[in-house]
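Enquirer: Structure in structure tokens, see below.
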Amino acid sequence: MTSYILARIKKEGLEKDKAYQPKVISNYVRKEVLDLLYILDKQTSFLRVLQMCPIYRDEETLRRLFLIWNKRVRPLSPFLKCLDIELLQIVF
């Protein structure tokens with residue numbers, strides 16, 4: 001990922017700009033990858049709880065929980081647009 005970004009910077013002729021130095025880009029990529037892994041871990045934990053706890057197998061409870069999930073988590077995670085009730089039901 002870092003190599004790709006640095007190649008694009010070189011192609012655009014911005015390699016002398018201090019904001020685009022390899023160390024800055026490397027730190028940025030590291031931070032973004034760790035943020036992604038953290039979000040995926042939270043979502044995996046959520047799905048695991050849904051799978052293991054019998055109370056969440058009730059469809060009405062699942063719908064209420066999904067509404068809360070949409071209000072709190074989805075706005076923070078733009079790549080969750082495809083997540084819906086059908087995906088959660090696959091877990092069961």
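The values are calculated or read from the model by the stated rules, or taken from the named source; none is laboratory data. Small disclaimer: the values here were computed from a predicted structure and weren't measured. Because the Cβ atoms are built from the backbone with ideal geometry, glycine has one as well, and the counts that use them run over all protein chains shown.
To keep it simple, each residue is scored yes or no on (1) touching a Cys at 6+ places or on another chain (Cβ under 9 Å); (2) surrounded by fewer than 12 Cβ atoms within 10 Å (Cβ to Cβ); (3) outside any helix (DSSP H, G or I); (4) modelled with pLDDT under 90.
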residue	(1), (2), (3), (4)
TYR4	no, yes, no, no
TYR56	no, no, no, yes
THR61	no, no, no, yes
ILE68	no, yes, no, yes
LYS71	no, yes, no, yes
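Per-residue answers, yes or no, for (1) modelled with pLDDT of 90 or more; (2) within 16 Å of the chain's Cα centre (by Cα); (3) surrounded by 10 or more Cβ atoms within 10 Å (Cβ to Cβ):
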position	(1), (2), (3)
GLU15	no, no, yes
LYS23	yes, no, no
ASN27	yes, no, yes
LYS42	no, yes, yes
LEU47	no, yes, yes
LEU50	no, no, yes
ARG64	no, no, yes
ARG74	no, yes, yes
LEU80	no, yes, yes
